[in-house]
Each structure stands twice: as structure tokens, then as C-alpha cells.
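Worksheet for the structure shown next.
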Amino acid sequence: MAAQMIIINGGSSSGKSGIVRCLQAVLPDPWLAFGCDSFVDALPARMQAGDGGIEIAADGEVSVGADFRALEAAWTEGVVAMARAGARIIVDDVFLGGAASQRRWRKALGGVPVLWVGVRCDSAVAAGREIARGDRVSGMAALQADLVHEGVSYDLEVDTTHTESMACARAIAAHVG
């Protein structure tokens, strides 16, 4: 069965967002894109600095609270509901919990066909991108580079260390049934 969703997992500054934009350009049908950054941006300001929400330490370590998890579960269910309603969905995510994060998605997905994609990037390269971006806490990319992939299974992996977003998107598009 053809994928109704593409879930892309990778660390901060690994190149996921660029791949998603390129995927939307190369896939023949329209695909909606949603990312964990847009979810975090939608949180009340008080939850973006702790208070049961998300907290980013000075070294880039990310921790989340119970209120964050509850809203994240609702957001995940909502994204999956759009796929069930017929929309094609690309999700740009950061599996801070590794395999546990993937299990949360699998539970919400039920029988929705999904293509699981891992985006890898050398931690030093991701750290350089992080500095160039200027909108991330220094250290986040290096901390997440391997952590987000621990125990996660993929249908396809791409590596953005030396490969441009468009080439990665074309490789992914070739696997979309």
C-alpha cells in the first residue's frame, strides 16, 4: 500500500526541513508538512521555557514535562487524523526518546501506511550548521545527532553530511509508493 505519511526523524540541524521542502517540490501529489518545531511554536509561551512544557538547557539538552507530552499526543493524533481523512502528510520530527518516540507514533498511526525515514548527519557538520543558523542553543545538534536514532527502525536512511537536500528528497520520493 502506498504511504499516506512520511515520518522523517533526525537531530537538530541535520537538514530535515530542507529535505521536506524539496520533497514537497518533487512528489507528484500535494503533501502537507508538519514539524515538531511548529508544534513547539504553538505552545503557550510559559510552556516554551519549562513549566510542564519544554526546556532547553544551556548545553542544548532538551527535556519535556507531562503537559508537553499530553499536548504532543493530541497533536500527533490530529496529524494522523488528517492522513486518515485523505491528506498526504510529511512529518519532520526529532525523536528525543529514540525508540519510545517511534512507538508513540506507531500507536497513533494504527494502520495508516507510513514511510519511516532517518536523516543522519555527522555531529560536527550539524554543529556547524547550528552555529550558522543562529536560532539554536549551541550543543543541541551534537547531543541529538545519534541519540534520536537509538532503537529506531527505518524503511530508508539518508545522510546529509555530504548530500544535498534535493538528492535526499529524490531518494525518499523513489520509495513513496
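So the values come out like this:
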{"quantity": "Test: residue in the range 128-139 that is part of a helix (DSSP H, G or I), without any contact (Cβ under 8 Å) to a residue 40 or more places away in the chain, more than 26 Å from Leu32 (Cα to Cα) and not β-branched (Val, Ile, Thr)", "calculated": "yes"}
{"quantity": "Whichever residue in the range 48-66 is in contact (Cβ under 8 Å) with a residue 24 or more places away in the chain and farther than 16 Å from Phe95 by Cα and, among such residues, is least open to solvent (accessible area, probe 1.4 Å)", "calculated": "Ala57"}
{"quantity": "Only listed residue being of a type in the set (S, T, N, Q), at pLDDT below 90 and farther than 21 Å from Met166 by Cβ, chosen from Ser138, Ser101, Ser123", "calculated": "Ser138"}
{"quantity": "Evaluation of Thr76 against (1) farther than 29 Å from Ile131 by Cβ; (2) within 13 Å of the chain's Cα centre (by Cα); (3) in contact (Cβ under 8 Å) with a residue 40 or more places away in the chain (one fails), failing number", "calculated": "(3)"}
{"quantity": "Verdict on Asp29 being outside any helix (DSSP H, G or I), open to solvent by 30 Å² or more (accessible area, probe 1.4 Å), under 21 Å from Arg84 (Cα atoms) and among the acidic types (Asp, Glu)", "calculated": "yes"}
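For (1) on the phi > 0 side of the Ramachandran plot; (2) under 11 Å from the mean Cα position of the chain (by Cα), each residue gets a yes or a no:
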position	(1), (2)
Ser12	no, yes
Gly15	yes, yes
Arg21	no, no
Leu27	no, no
Ala87	no, no
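The values are calculated or read from the model by the stated rules, or taken from the named source; none is laboratory data. Given the structure is predicted, the values throughout are model-derived calculations rather than measurements. Methodologically, a virtual Cβ is constructed for each residue, glycine included, from the backbone with ideal geometry; neighbour enumeration extends over all protein chains shown. Note: areas computed on protein heavy atoms with side chains; ligands, DNA, RNA excluded. Shrake-Rupley method; radii C 1.70, N 1.55, O 1.52, S 1.80 Å.
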